[in-house]
1. How high is the FRET efficiency from Asp114 to Thr288, r the C-beta distance, R0 45 Å, rounded to 0.05?
2. Once amide H atoms are placed 1.01 Å from N in the peptide plane, what residues at a sequence separation of 5 or more from Asn142, or on another chain, have their amide H within under 5 Å of its amide H?
3. How large is ³J(HN,Hα) for each residue in the range 77-92, as worked out from phi by the Karplus curve 6.51 cos²θ - 1.76 cosθ + 1.60 (θ = phi - 60°), to whole Hz, x for Gly and Pro?
4. Fully extended, how many nm does the chain gain between Gln299 and Ser234 (0.36 nm per residue separation, minus their Cα-Cα distance)?
5. Report, largest value first, the span of the C-alpha coordinates of the chain along each principal axis, in whole Å.
6. Give the residue from Leu155, Ala245, Asn142 lying farthest towards the positive end of the charge dipole for the chain; charges sit on Cβ (+1 for Lys and Arg, -1 for Asp and Glu) and the dipole is referred to the Cα centre.
7. Along the Cα-to-C-beta direction of Asp67, a point sits 7 Å from the Cα; which residues of the range 126-152 have their amide N less than 15 Å from that point?
8. Helix-derived [θ] at 222 nm for the chain: sum -39500 (n - 2.57) over DSSP H runs of at least 4, divide by residue count, nearest 500?
Amino acid sequence: MTEPTPSAPVEPSAAHPGAPAQLLGASDIRRLAEEIGVRPTKTLGQNFVIDGNTIRRIVAAADISADETVLEVGPGLGSLTLGLLDAATSVVAVEIDPVLAAKLPDTVARWRPDAVANFHLVLADAMKVTELPVQPTALVANLPYNVAVPVVLHLLQHFPTLRHGLVMVQDEVADRLAAGPGSKTYGVPSVKAAWYSGMRKAGVIGMNVFWPAPKIHSGLVAFTRREPPATTASREEVFAVIDAAFAQRRKTLRAALAGWAGSAAEAERCLRAAGVDPTARGEVLDITAFARIAEAHAQPGS
C-alpha cells in the first residue's frame with residue numbers, strides 16, 4: 001500500500017516563526033526513494049536516517065560554525081544534507097550512486113530553496129576524490145560501515161583544510177577509531193587516525209532511526225585536526241611500521257617487525273634506538289612511538 005504523499009514543505013518562518021526547519025521524516029524518505037525507484041542496497045551500505053531529531057543531534061554534536069563549509073560523504077536522499085545546510089555556509093556532498101545524486105539538487109530546491117546556491121554536488125567515489133569545488137573545513141557524514149575507516153583516512157590525508165568533524169559509523173568501528181594505547185580495541189585504525197587528529201567517541205545511535213534498520217548500533221566519532229608527530233620519517237614509512245606491528249598482534253614487536261625490518265636483529269636495533277622495549281606489543285604504543293621506530297629504521301647503524 002502506497003503511503004500518502006505529505007504536504008509540501010512549509011517555510012518555518014511563515015508558519016511558526018523561530019521553529020526549527022523541517023527535516024525529512026520516514027514517509028518523506030520512502031516517498032523520495034519510490035520516486036526514483038531506489039531500494040537501499042547492502043553493497044553500498046545504504047541505511048537512510050529517517051528521524052529528524054537524530055539529524056539535529058548529529059549536527060549539534062558536530063559543532064559547526066555558521067561560516068564553515070561542510071563535506072558530506074554519502075548524502076543518500078538528503079536527510080543529513082538539509083540539517084547541515086541549516087548550520088553551515090555551504091555543503092559539498094560526495095555521492096557515488098548516480099541515481100541518488102541526480103535527485104539531491106531537486107530535494108534541496110524543494111526543502112531549502114534559499115540554500116540552493118550553497119549546495120555543491122560531486123558524483124564520485126569518496127575513496128578517489130582528491131579535489132573539490134570548495135575547500136571544506138569540517139567533515140560530517142553517515143558513512144557506509146564497510147568503507148568507513150579508509151574513507152576517513154583518505155579524506156584527512158587529501159584535504160588538510162578539514163579542521164574537525166563528526167562521522168557516524170558502526171559502533172564497533174567507532175570504538176576502534178577512538179581507542180587509546182592499551183585498549184583491547186586499539187589497532188591500525190586507532191593509530192593511523194591519531195597521525196592526523198585526536199578522536200573521541202561522541203555517542204551511540206540506535207537502529208530504529210534508519211531505513212532499513214541495521215542489525216547493530218552506530219557510533220558517533222568526533223575528531224579535531226592536529227599536527228602529525230615531529231619526525232623525519234614520512235607518513236608512508238610510519239604507516240608501514242603500524243601495519244607490520246598489528247599484522248600479528250600476539251607477537252612481540254621484535255618478532256612482528258622482523259619482516260618489515262629485514263631481520264629480528266634489525267627490528268630490535270630499531271626498537272631500542274626508538275626507546276621501545278623489543279618485548280612489548282604494538283597495542284601499547286602511541287603514534288609518536290611508531291614514528292620514532294620508522295625514523296630509526298631510516299638511520300641504519302644508529
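1. The calculated FRET efficiency here is 0.45.
2. Placed amide hydrogens put Val73, Met168 under 5 Å from Asn142.
3. With coefficients 6.51, -1.76 and 1.60, one gets 8, x, 4, 6, 3, 5, x, 5, 4, 6, 9, 10, 5, 8, 10, 10 Hz.
4. Length gained between Gln299 and Ser234: 22.1 nm.
5. Ordered largest first, the chain gives principal extents of 73, 38, 32 Å.
6. The residue sitting most towards the positive pole is Ala245.
7. Output list for this probe position: 137-138.
8. -11000 deg cm²/dmol
All of the numbers you see were taken from the coordinates with simple rules; none came from a lab. This structure is a prediction, so every number in the text was calculated from the model and none was measured. FYI the Cβ positions are ideal-geometry reconstructions off the backbone, even for glycines, and counts take in every protein chain you see.
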